[in-house]
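Okay, so here's the structure we're looking at.
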There are 2 protein chains.
Amino acid sequence: MKLYGYWRSSAAYRVRIALNLKGLDAELISVHLVKGGGEQHSESYAALNPQELVPTFIDSDQDGNAFVLTQSMAIVEYLDEQYPQAPLLPSTTQAKASVRALALSIACEIHPLNNLRVLQYLSDTLKVSDEAKNQWYHHWIAQGFSALEQQLAHCAGRYCFGDSVTVADLCLIPQIYNAKRFNVDLTPYPTICRIWDNCHQLDAFINAAPEQQADAS
Amino acid sequence: MKLYGYWRSSAAYRVRIALNLKGLDAELISVHLVKGGGEQHSESYAALNPQELVPTFIDSDQDGNAFVLTQSMAIVEYLDEQYPQAPLLPSTTQAKASVRALALSIACEIHPLNNLRVLQYLSDTLKVSDEAKNQWYHHWIAQGFSALEQQLAHCAGRYCFGDSVTVADLCLIPQIYNAKRFNVDLTPYPTICRIWDNCHQLDAFINAAPEQQADAS
């Protein structure tokens, strides 16, 4: 297995946590998202992933050929089905749906707006000031985390959904990491902060952190 | 079952197609996203869905209580598990993952950037001109559709993934609808256009279209 990612990519970070929780060993290949305009735009990487985004995951298909998969949430669901040890979703249909909704409220509503390419567009094309860009970042985190904090009040235990780690935690932790990096005040979100602390009792989360990666600089 | 949505919401549109394909009857409740600043921000709706977004879906749990679910992709996956007629995902793990990746390349990479609340932020807070806002819209469609067109070349048949309708089509059709509404030139995307035509041979897609909804204006 191979995982093309980047130490600071939240989406790659989600997949790293999943691999660690499941005890799977993938070769981590660094795609530098900034250097030289971004290696994700190179011809060879674009041939692998036309979206020119990380992560890209490679496993083998039943004939031993490369099976190339994009989109972190699809990769995580794939890992959970193909390698069922340490399940990342509850077993009942309604609980599973609730966990996916939590995960997607981050993956579809917060992260896409604060992604590198979007921040670059704000600066480079819309000529938005650094201050306004920072406000944009904080705005979408605040919108998303306020709603999530309310939802977690109904379903969180030690983690986002009860006392087992799920895909919701895999999305939440990288998003909190980013929020901290941009100096977002997290005191209005006590449940979110508690889940951060609890996840960081686990090696799978600790070892997946950006600063622990070989390409961190 | 109840579906809180809005005729022009792409995310609600996805769920309407899924309900139609599965022959499920849900009460459609309109949440006007624009009138009076947006009914999704009302106290009663925010109590149901703290994200203040549509859709919200309500089914019954095993005890007959209301089961409230947010996030269109979680709703669609829930419908597919709970009501397995007319499956929306292939049966093998790798094919399922590939379909989810296609769907998420729209749901996570295109749609969130062109959502109403984002366009409102560009106008109201960043004071971006209508022309620059229109370019923003076109930019993310072009980025997303160019990559998708390449990926579909490997896997599309009559629909996005072979000859059966999947969740990828449920995401693609509302996104094309939006692109057409914003006058995006679709001629560079022949596969995407072919899938639009093929889906519109099916009543499930025709009847889910925005203009067919009771709250269309």
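The amide H of B:GLY162, built 1.01 Å from its N in the peptide plane, has B:ALA156, B:GLY157 as neighbours under 5 Å, considering only residues 5 or more places off or on other chains. What sits nearest the axis between copies A and B, counting only chain A Cβ atoms, is the residue and whole-Å distance A:PRO112, 2.
Once the Cβ-Cβ distance of B:ALA47 and B:CYS193 is raised to the sixth power relative to R0 = 41 Å, the FRET efficiency obtained is 0.45. Phi angles of region A:156-164 translate, via the Karplus equation with coefficients 6.51, -1.76, 1.60 and θ = phi - 60°, into HN-Hα couplings of 6, x, 5, 10, 4, 10, x, 10, 10 Hz per residue; Gly and Pro are given as x.
Rounded to the nearest Hz, the phi-derived 3J(HN,Hα) couplings of region A:190-204 under the Karplus curve 6.51 cos²θ - 1.76 cosθ + 1.60 (θ = phi - 60°) are x, 5, 4, 5, 5, 5, 3, 4, 5, 5, 7, 7, 9, 4, 4, where x marks glycine and proline. For the peptide B:110-117, the mean number of other protein chain Cβ atoms found within 10 angstrom of a residue's Cβ is 3.
Taking the label point 7 Å along Cα→Cβ, A:GLY36 and its counterparts in the other copies are spaced 5.8 nm apart, in ascending order. Take every pair of alpha-carbon atoms less than 8 Å apart whose residues are at least six positions apart; their mean separation over the length of region A:93-204 yields a relative contact order of 31 percent. Using a cutoff of 8 angstrom between alpha carbon atoms and counting only pairs six or more residues apart, the relative contact order for chain B works out to 25 percent.
For n ≥ 4 DSSP H runs only, could you compute -39500 (n - 2.57) per run for chain B, divide by its residues and tell me the 222 nm figure to the nearest 500?
Values: 9 runs with 110 residues, N = 217.
About -16000 deg cm²/dmol.
A dipole drawn for the protein assembly as shown from +1 and -1 charges on Cβ atoms has a positive end, and of A:TYR159, B:ASN207, B:ASN178 the residue lying farthest that way is B:ASN178. A label point on A:PRO190, set 7 Å along the Cα-to-Cβ line, lies at 6.2 nm from each of its counterparts in the other copies, closest listed first. Across the identical copies, the label point of A:GLU131 (7 Å from Cα in the Cβ direction) is separated from its matches by 2.7 nm, in order from shortest. Beyond 31 Å in Cα-Cα separation lie the following of the pairs A:LYS35/B:LYS133; B:LYS2/B:LYS35; A:LYS35/B:LYS96; A:LYS22/A:LYS133; A:LYS2/B:LYS180: A:LYS35/B:LYS96; A:LYS22/A:LYS133; A:LYS2/B:LYS180. Computed from backbone phi, the HN-Hα couplings of region A:7-21 come to 3, 8, 6, 4, 5, 5, 4, 4, 5, 4, 4, 4, 4, 5, 4 Hz, rounded to whole numbers (Karplus: 6.51 cos²θ - 1.76 cosθ + 1.60, θ = phi - 60°; Gly and Pro given as x). In the Gaussian network model of chain A, springs joining C-alpha atoms below 10 Å, which of A:LEU88, A:LEU19, A:LEU119 carries the largest mean-square fluctuation? Answer for the Gaussian network model of chain A: A:LEU119. By other beta-carbon atoms within 10 Å, ranking A:LEU3, A:LEU24 with the fewest at the front produces A:LEU24, A:LEU3.
Restricting the count to DSSP beta bridges whose residues both fall in the protein assembly as shown, what percent are antiparallel, rounded to a multiple of 5? All intermediate terms of the calculation are to be shown ahead of the outcome.
Working: 16 of 26 bridges.
Roughly 60 percent of the DSSP beta bridges within the protein assembly as shown come out antiparallel.
GNM on chain A, C-alpha springs below 10 Å: top fluctuator among A:TYR121, A:TYR137, A:TYR78? With Cα springs under 10 Å in chain A, the top fluctuation among A:TYR121, A:TYR137, A:TYR78 is at A:TYR121.
Answer rounded, prolate or oblate for chain A, using the Cα gyration tensor with square roots of eigenvalues a ≥ b ≥ c: rounded when a/c is under 1.5, else prolate when a/b is larger than b/c, else oblate. Oblate shape, in that a/c is at least 1.5 and b/c is the bigger or equal ratio. Sort the protein assembly as shown into rounded, prolate or oblate with this rule: let a ≥ b ≥ c be the square roots of the eigenvalues of the Cα gyration tensor; rounded if a/c is under 1.5, and if a/c is not under 1.5, prolate when a/b is larger than b/c, oblate otherwise. Taking the square roots of the gyration eigenvalues as a ≥ b ≥ c, the protein assembly as shown is rounded. Averaging the Cα positions of each part gives two centres, and for region A:145-171 and region B:14-30 these lie 28 Å apart.
No lab work stands behind these numbers, since they all come straight from the coordinates. Just so it is clear, the model here is predicted, and its values are computed rather than measured. We place every Cβ from the backbone using ideal geometry, glycine too, and count neighbours over all the protein chains shown.
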